[in-house]
1. Test of understanding: among 575, 527, which residue is out of contact with any Ser or Thr (no Cβ under 8 Å at 6 or more places or on another chain), crowded, with 16+ Cβ neighbours inside 10 Å and either closer than 23 Å to residue 81 by Cβ or hydroxyl-bearing (Ser, Thr, Tyr) (or both)?
2. Just a yes or no: is a residue in the range 179-186 within 18 Å of residue 111 (Cα to Cα), touching a residue at least 40 places away in the same chain (Cβ under 8 Å) and not aliphatic (A, V, I, L, M)?
3. If you check 539, 526, which single one turns out to be more than 24 Å from the chain's Cα centre (by Cα) and at pLDDT 95 or above?
4. Please report, ordered by residue number, the helices (runs of 4 or more DSSP H) entirely within the range 471-583 with at least 3 residues that are touching a Gly at 6+ places or on another chain (Cβ under 9 Å) and not small (Gly, Ala, Ser).
5. Among the listed residues 521, 514, 509, which satisfies the condition of being touching a strand residue (DSSP E or B) at 6+ places or on another chain (Cβ under 7 Å), of a type in the set (Asp, Glu) and surrounded by 12 or more Cβ atoms within 10 Å (Cβ to Cβ)?
6. Which condition breaks for residue 149 when tested against (1) surrounded by 22 or more Cβ atoms within 10 Å (Cβ to Cβ); (2) assigned to a loop (DSSP other than H, G, I, E, B)?
7. Of all residues in the range 183-223, which are among the hydroxyl-bearing types (Ser, Thr, Tyr) and either closer than 18 Å to residue 150 by Cβ or not assigned by TED's automatic domain parsing to the domain that holds residue 157 (or both)?
Amino acid sequence: MEFDKALQELYREFGCQIFQAKFALNKGKWNEAKKEADGFVLEFSKDVYAFRLIYQLLDGKSSTTFHPQFEDLAFMVDVARNNAPKAETFKRLIRHLALFGYSTLKIYLEDCFEVSGEPYFGYLRPRYSAAELREIVNYADIFGIEVVPCIETLAHMKTLQKWCVYRYHFDIDDILLVGDERMNALLENEFKSLREIFKTNRINIGFDEAMRIGRGQYLDLHGAEDPKKIMLRQLDYMIELSERYGFKIEMWGDMFLNLGFTAEDMPKKYASLKLINWDYEVREISEFASTIEAFQKISPNVTVAGGAWKWLGYAPNNRFSLPHLEAFAKAAVQKRVKEFTLTAWGDNGGECSLFAILPSIDFLANQNYGFKSQGVAFRQMTDYSFDEFVSLDLPNATEFPYEPLHKNSLSRLYALDDLMLGIYDSCIAKEQIAIYGKVLDVLQPLASRKSRNAYLFITMRDFVEYLRAKVPLGLTLREKYHDERVAECLPMLDELALRLEKFHGSFYEQWMKESKGIGFEVQDIRLGAVAQRIKTTKRRIEDYLSDNAKGIEELEMDILDFYGNVDDFFKPKDLVDCRYSMMGSANLND
């Protein structure tokens, strides 16, 4: 830790006068801050706790203390779903994490990092150079935050299949071919490169969601084999690599539970492995506790990972994350779990900003430190109250006031649903248009505030304005066509095009402010498809009106209920389906 330099960085980011105060530092067993005549005395047991104490002083107290529930509080950033934050964005994030009191930053990399001897690894992806990752690691060091790499060494490597040098070395789906010489060489090159970059001795090797292991090329080569044995064969190799390069392994634990592992399946050489019980749903404390117990019967080294829901589209789901994190953290404390990781995945596009989930990051930290904040500290950091910041969730609202347990991706589905085919048109409730109007009433003044975070609210405001223009077409385009009033849709389509262009512009500015440019082409492809379909829809209508076409086939078709009820339309409040391939057309083969 470089305390004085860290204070300068925090003052530059947040501008709070407390960062220019005088501090006397005592490294000890306790965590306490006290005001003295000429400044503050900080006593702390871990470097990053010094900054957490300052955060609690931002609430206006003259003294503060805490007793953390977890020995390690970690935040994990997914950089492998098109959206890879710039090094400067990571530095901004680190400043927030330090004040909140996170001791570890995990970076979920997959193939998005430079590996010596592997030019196609991460090729045309937003991969990080070794120099960029070192910059992040060294900056986190200033605050006493450890940076841990998270990679995949069994499954989740689908992007590698684009390149011929790797394509024929997979088992099935996105699962690596266990024992394959080419894949073993790749994994060793990864470990070698990571060892040269990271200072930590910890590494997450993945190992999750590989249920079809051994059913593809492995089966052809070796015959039928117990999936447990195949997985342990790969794990043995990973242990060998970790020992060679000075790492200690942690891994997602779902395969151990799903394949029925017991303590007898975990010999002494696996004793140091950490299994992570990941769960992102809202459950009762007893349910979380029961699953933790099941993991603890397999291994004594069990940690947990919850979720800050930012992976369902452009808007976050903080309101859903909060009760989930509260219950999961309480269960973990009951079961004496020592580490909690908060994950920020970016499934299928990574559209949502990392900083849109600041309320969830803050909330878990407050759970850990037993901090009953009045919200002054959060406002000092962000220029918005906690509740105001949570308003970034509102594009997801399917009722108003917002129901927190209705996590959904409907705003993304409505944004990308095809105008004429309307796969999700049956899901749209008529009151949705009025709901978007109420949401705009909330977001508009927040977007107008002079703040370094105002751009987040501007993007969401423009997103909702776009949705408010698009959803009515989903409700009425087909109806007006059958009523011979389809010409009324032409000005609506013009307005939609303008709203889409405005949203794309603010979304572009948000992305380029925070993230690498590579990956935004995915957004251009998806939103660009909508823009082109607006033009095509207009042209189809104009051709029809000028008698150049007998009809519009897409609008002749009756819409069926998405849920299989034919003409009995169910209006969901919490539909979750973030796969883009399901939205634009029923004619995509992959």
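1. Details: 575 fails: out of contact with any Ser or Thr (no Cβ under 8 Å at 6 or more places or on another chain).
After ruling out the rest, the residue left standing is 527.
2. Yes: the range 179-186 contains one or more residues that are within 18 Å of residue 111 (Cα to Cα), touching a residue at least 40 places away in the same chain (Cβ under 8 Å) and not aliphatic (A, V, I, L, M).
3. On the way: 526 fails: more than 24 Å from the chain's Cα centre (by Cα).
The match here is 539.
4. Numbers: elements: 489-514, 520-545, 553-556.
Where helices (runs of 4 or more DSSP H) fall fully within the range 471-583 and carry at least 3 residues being touching a Gly at 6+ places or on another chain (Cβ under 9 Å) and not small (Gly, Ala, Ser), they are 520-545.
5. Values: 521 fails: touching a strand residue (DSSP E or B) at 6+ places or on another chain (Cβ under 7 Å); 509 fails: touching a strand residue (DSSP E or B) at 6+ places or on another chain (Cβ under 7 Å).
It is 514.
6. Single failed check for residue 149: (2).
7. Pass one, the range 183-223, residues among the hydroxyl-bearing types (Ser, Thr, Tyr): 193, 200, 218.
Residues satisfying the conditions are 193, 200.
Residue-by-condition table, conditions (1) out of contact with any helix residue (DSSP H, G or I) (no Cβ under 8 Å at 6 or more places or on another chain); (2) surrounded by fewer than 19 Cβ atoms within 10 Å (Cβ to Cβ):
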{"position": "302", "(1), (2)": "no, no"}
{"position": "309", "(1), (2)": "no, no"}
{"position": "312", "(1), (2)": "no, no"}
{"position": "324", "(1), (2)": "yes, no"}
{"position": "333", "(1), (2)": "yes, yes"}
{"position": "338", "(1), (2)": "yes, yes"}
{"position": "344", "(1), (2)": "no, no"}
{"position": "347", "(1), (2)": "yes, yes"}
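The values are calculated or read from the model by the stated rules, or taken from the named source; none is laboratory data. Just so we're clear, the structure is a prediction, and the values are computed from it rather than from any experiment. Positions of Cβ are backbone-derived with ideal geometry, glycine not excepted, and every protein chain shown enters the neighbour counts.
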